[in-house]
Amino acid sequence: MIRKALLLSATSAFLTLFAAGGHAEDRVVNVYNWSDYIDSSIIDDFTKKTGIKVVYDTFDSNEILETKLLAGGSGYDVVVPSANFLARQIQAGVFQKLDKSKLPNISNMWDVVSERTAKYDPGNEYSVNYMWGTVGLGYNVKKVQAALGTDKIDSWDVFFNPESLAKLKDCGVYVLDSPADIIPAALKYLGLDPNSTSSDDIAKAEEALLKVRPYIRKFHSSEYINALANGDICLAVGWSGDVFQARNRAEEAKQGVEISYSVPKEGAQMWFDQMAIPADAPHVAEALEFINYMMTPEVIAKSSNYVLYANGNKASQQFVDKALLEDTSVYPDEETTKKLYTVKPYDPKTQRVITRTWTKIVTGQ
Amino acid sequence: MSNIAATAAPSSETAAALPTRLAKGFVDRLVIIVPYLWLLFFFLVPFVIVFKISLSQTAISMPPYTPVLDFTDGVSGFLAGLRELNFDNYTWLTQDALYFNAYVTSLIIAGISTILTLIVGYPIAYGMARAPATVRPILLMLVILPFWTSFLIRVYAWIGILKPEGLLNQMLLSLHLISQPLVILNTYTAIFIGIVYSYLPFMVLPLYSSLEKMDYSLIEAAQDLGCPPTGAFWKITFPLSLPGVIAGCLLVFIPAVGEFVIPDLLGGSQTLMIGKTLWNEFFANRDWPVSSAVAVILLLVLTVPIMFFQQAQARAQEQGK
């Protein structure tokens, strides 16, 4: 999941230098979250309410965050990795258990989400959910109508069927440069277990992806937001919230570009971004206070309304904009939710096979 | 910068006054020791750390590899570790053609880009060196000025220029020079454009410094003796600017081999360069040992030929004297 992988890493490296310092008498919390992932007024409100200064810093790929955490001494107090990365990081001893007595707002959390995140973090001992979403299809309604004769996409078949994707080749197709998101989708489309680690199954997924490879313009995990918004491409396999950002940018630009997002009927991957505290965090008490504040229904609803992702806080739903709450591509209905699947982290050996397979799909070598 | 190729020539001056010579020698050494210390701390020590990691194995821990060759068990533990060393990560690199192909592709892309940068940069440097002395500082400033903007932003700007609906295509379309937008973005052409643009100052500056020092009366002499301008250029100007050419080429070639940002942003997904391979090993596979091995090999691929080249240069200069 390389999101805007480069643009911000330089700034974040720079800010870390400052984040590590801080005076003993000032209460500080060093937060490291995804870029474009919060309404910044929330941070100001938190400081006003608690007197704790927030040093807010952003990253754009799980890999960058993970590398900092594994190297140790990152100086961060709250980090927000995706759940499948979090699971492995817990094993590596990166995080500390959360003191639930300091987190009264945890009663607001939504069991539908907590049940699923427990697969990565048994008992949710190390993390609480921030936002969650799906991996699906973002498309330019008019261009798809012109190429395929329909303006409604509801199936992975549009992407994995070579005949259909060939028709979209000229108007442009982008795919996430993220094997952990795309290979499970291919397995699901083929009717196999999206969590399969068998090399036969992975080979089948590779074959399916190689068939459509000639029609894919680029594998990239962030450029599709602008490419969709500008009308440069007509289809992207991407993260739900990113596609909604593209939709909003297109609306603001008023160039007549109309973007839509679809959770394919065969099923889509559900991902979770989790707040956690590194084992060597310098300001644990402040970190717990920050996490507890983020679980306040009004606060997390404000964040969802801004970033357009669903959150894992049941009590917040009365404060979430009605349009967002009723949008089944953000908060899927019960029937769709049943079809959503989660992906477990790969063991190192499978990870190597997956990365190698992915290089072959992407570069042809 | 232009002296990269010209290794320190041994001073053959005869002893005039021993004490002053000794004192001078001490100061000289002190001056020389600073770069050596720099190399020790910022090159050799990091390299040894990377090399050490390349001999370990991955593990789910912090940091994500098994310790190797450390002194926690004392000297005997270190020696025992020494006997158990294995080079599995290096043999692994030979088992999959991927790594070899990535190295070769990177070298070819860097080579072509270097030649293109030289072709573009030489006339610029030549023009600057021949410009009136009052204008030269301004021209020099113009070459350096782009560095004041972030490198990333300048590379992003090229996306806006090269994309199908970008500035370049719009201009060519409106001039009716083309009827279909040119596909440049996400191809090798875009990578070459990006590298030539980004590294041009590194080529121009050493070229300029060697061309500026040139004695132009040599050209006048050649022309007086009936040598045509092109002949004078190839027989006098170019050979005299050779140290600048070599320095510029090395300054462009070496970083271009390991370039990651430009191929990632401007190149297509099919571009396989060693920088991306290294990124994959380090970040996607979390295999610090293998990525360290890739980095060590990359260093050898680059330094060994350059060392031979420098030796050959030094020998040629000795013979020239």
Please work out if residue A:362 is open to solvent by 20 Å² or more (accessible area, probe 1.4 Å) and within 14 Å of another protein chain (Cβ to nearest Cβ).
-> no
From the option list B:99, B:36, single residue qualifying as in a helix (DSSP H, G or I), open to solvent by less than 80 Å² (accessible area, probe 1.4 Å) and aromatic (Phe, Trp, Tyr) is B:99
*asked:* When you scan region B:152-171, do you find a residue that is more than 26 Å from residue B:204 (Cα to Cα), free of Cβ contacts under 8 Å to residues at least 12 places away in the same chain and either more than 14 Å from chain A (Cβ to nearest Cβ) or in a loop (DSSP other than H, G, I, E, B) (or both), even just one?
replied: yes
Are any of the residues in region B:104-126 over 26 Å from residue A:217 (Cα atoms), within 12 Å of chain A (Cβ to nearest Cβ) and either in a helix (DSSP H, G or I) or open to solvent by less than 50 Å² (accessible area, probe 1.4 Å) (or both)? no
- Message: Can you find a residue that is under 23 Å from residue A:239 (Cβ atoms), of a type in the set (Val, Ile, Thr) and under 17 Å from the mean Cα position of the chain (by Cα) anywhere in region A:67-77?
- Response: no
Note: among B:230, B:189, just one is under 30 Å from residue B:277 (Cα atoms), out of contact with any Pro (no Cβ under 7 Å at 6 or more places or on another chain) and either without any contact (Cβ under 8 Å) to a residue 12 or more places away in the chain or not assigned by TED's automatic domain parsing to the domain that holds residue B:136 (or both), namely B:189
Counting only residues that are open to solvent by 10 Å² or more (accessible area, probe 1.4 Å) and within 12 Å of chain B (Cβ to nearest Cβ), region A:160-185 contains a total of 6
Restricting region B:85-96 to residues that are open to solvent by less than 70 Å² (accessible area, probe 1.4 Å) and touching a helix residue (DSSP H, G or I) at 6+ places or on another chain (Cβ under 9 Å), the one nearest to residue A:357 (Cα to Cα) turns out to be B:96
For helices (runs of 4 or more DSSP H) lying entirely in region A:158-259, having 2 or more residues that are over 22 Å from the mean Cα position of the chain (by Cα) picks out A:162-168, A:199-212, A:240-253
Within region A:197-226, residues hydrophobic (A, V, I, L, M, F, W, C) and within 17 Å of residue A:357 (Cβ to Cβ) come out as A:202, A:203, A:205, A:208, A:209, A:210, A:212, A:216, A:219
Has region A:290-313 got any residue that is modelled with pLDDT of 95 or more, touching a strand residue (DSSP E or B) at 6+ places or on another chain (Cβ under 9 Å), among the aromatic types (Phe, Trp, Tyr) and surrounded by 20 or more Cβ atoms within 10 Å (Cβ to Cβ)? yes
Based on what the data block shows, is residue B:49 β-branched (Val, Ile, Thr) and at pLDDT below 90? no
Those residues of region A:264-304 which are in contact with a Lys or Arg (Cβ under 8 Å, 6 or more places away or on another chain), assigned to a loop (DSSP other than H, G, I, E, B) and under 30 Å from residue A:226 (Cα atoms) amount to A:265, A:266, A:267, A:268
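Yes or no, residue by residue, for (1) of a type in the set (Val, Ile, Thr); (2) on the phi > 0 side of the Ramachandran plot; (3) modelled with pLDDT of 95 or more:
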position	(1), (2), (3)
A:78	yes, no, yes
A:82	no, no, no
A:91	no, no, no
A:95	no, no, yes
A:103	no, no, yes
A:109	no, no, yes
A:116	no, no, no
Counted residues in region B:249-283 being more than 9 Å from chain A (Cβ to nearest Cβ) and more than 14 Å from the chain's Cα centre (by Cα) come to 7
Those residues of region A:29-81 which are farther than 21 Å from residue A:98 by Cα, within 12 Å of chain B (Cβ to nearest Cβ), hydroxyl-bearing (Ser, Thr, Tyr) and not in a strand (DSSP E or B) amount to A:67
Taking region B:259-284 and keeping only residues that are small (Gly, Ala, Ser) and modelled with pLDDT of 90 or more, one is left with B:275
- If you check residue A:354 against the conditions, is it within 14 Å of chain B (Cβ to nearest Cβ), closer than 21 Å to residue A:134 by Cβ, assigned to a helix (DSSP H, G or I) and not acidic (Asp, Glu)? yes
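The values are calculated or read from the model by the stated rules, or taken from the named source; none is laboratory data. What you see is a predicted model; the values in this text were computed from it and never measured. When we count neighbours, we look across all protein chains shown, and the Cβ atoms used for this are built from the backbone with ideal geometry, even at glycine. What goes into the accessible areas is simple: the full protein's heavy atoms, side chains included, and nothing from ligands, DNA or RNA. Shrake-Rupley method; radii C 1.70, N 1.55, O 1.52, S 1.80 Å.
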